[in-house]
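Working notes, beginning with the structure itself.
The values are calculated or read from the model by the stated rules, or taken from the named source; none is laboratory data. All figures in this text were calculated on a predicted structure; none of them were measured in a lab. For neighbour counting, all protein chains shown are included, and Cβ atoms are generated from backbone atoms with ideal geometry for every residue, glycine included.
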Amino acid sequence: MFDFLFLQSGYALAMLGAALAIALPCIGSSKGVGLVAEAASGLLAEDPSKFGKVFLLVALPSSQAIYGFVTALLIFFNVAPTLTLSEGAYYLMSALPIALAGFYSAIRQGRVAASGVNLVAKRADQSGKAILNAAMVETFAIFALLISLLMVVMK
């Protein structure tokens, strides 16, 4: 039988934080990668030789999922089943920066990278600029990752 008292424990709150840290960035990354992959598929149907120039653009939005995974693992390794409610709430709050920023930035990065695919379609020599533009969006996910990690390890 399911123990409803578990839902009122600090451990459950910490596990909710870990789940959000991985789930939201994964959702955002899958949406972002999907956006870029659609644009890249259209380009590659016309010119398969540009695969190397667009592959990194397609892969870039997946990094937020990696950041969420790292944060979730760190929470897993730092919590014990005997956490108080306030300790569990702290871990939940620690997960929110990467959960929310990872979700949003992955989608936005996908949109920028899809525009970069369009740039590469017209001017293949400009792929570096397309990658740099998409990487700028990544910066905000990195800020969120650092704050989440610092909050977890400095508890």
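Side notes on the structure shown:
- Complete set of residues in region 114-155 that are of a type in the set (Ser, Thr, Tyr), over 12 Å from residue 71 (Cα atoms) and under 17 Å from the mean Cα position of the chain (by Cα): 139
- The residues on offer are 105, 9, 41, 86, and the sole one that is of a type outside the set (A, V, I, L, M) and under 15 Å from the mean Cα position of the chain (by Cα) is 105.
- Residue match in region 45-66 (condition: at negative phi, of a type in the set (Phe, Trp, Tyr) and surrounded by 17 or more Cβ atoms within 10 Å (Cβ to Cβ)): no
Yes/no per residue for (1) crowded, with 19+ Cβ neighbours inside 10 Å; (2) within 18 Å of residue 58 (Cβ to Cβ); (3) basic (Lys, Arg):
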| position | (1), (2), (3) |
| --- | --- |
| 72 | yes, no, no |
| 79 | yes, no, no |
| 107 | yes, yes, no |
| 112 | yes, yes, no |
| 115 | no, yes, no |
| 132 | no, yes, no |
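- Residue list for region 84-99, filter: crowded, with 16+ Cβ neighbours inside 10 Å and out of contact with any Lys or Arg (no Cβ under 9 Å at 6 or more places or on another chain): 88, 89, 92, 95, 96, 97, 98, 99
- Of 28, 17, all but one fail to be out of contact with any Pro (no Cβ under 7 Å at 6 or more places or on another chain), assigned to a helix (DSSP H, G or I), within 16 Å of residue 140 (Cβ to Cβ) and in contact (Cβ under 8 Å) with a residue 40 or more places away in the chain; the exception is 28.
- Test: residue in region 38-47 that is assigned to a helix (DSSP H, G or I), farther than 24 Å from residue 135 by Cα and modelled with pLDDT under 95: yes
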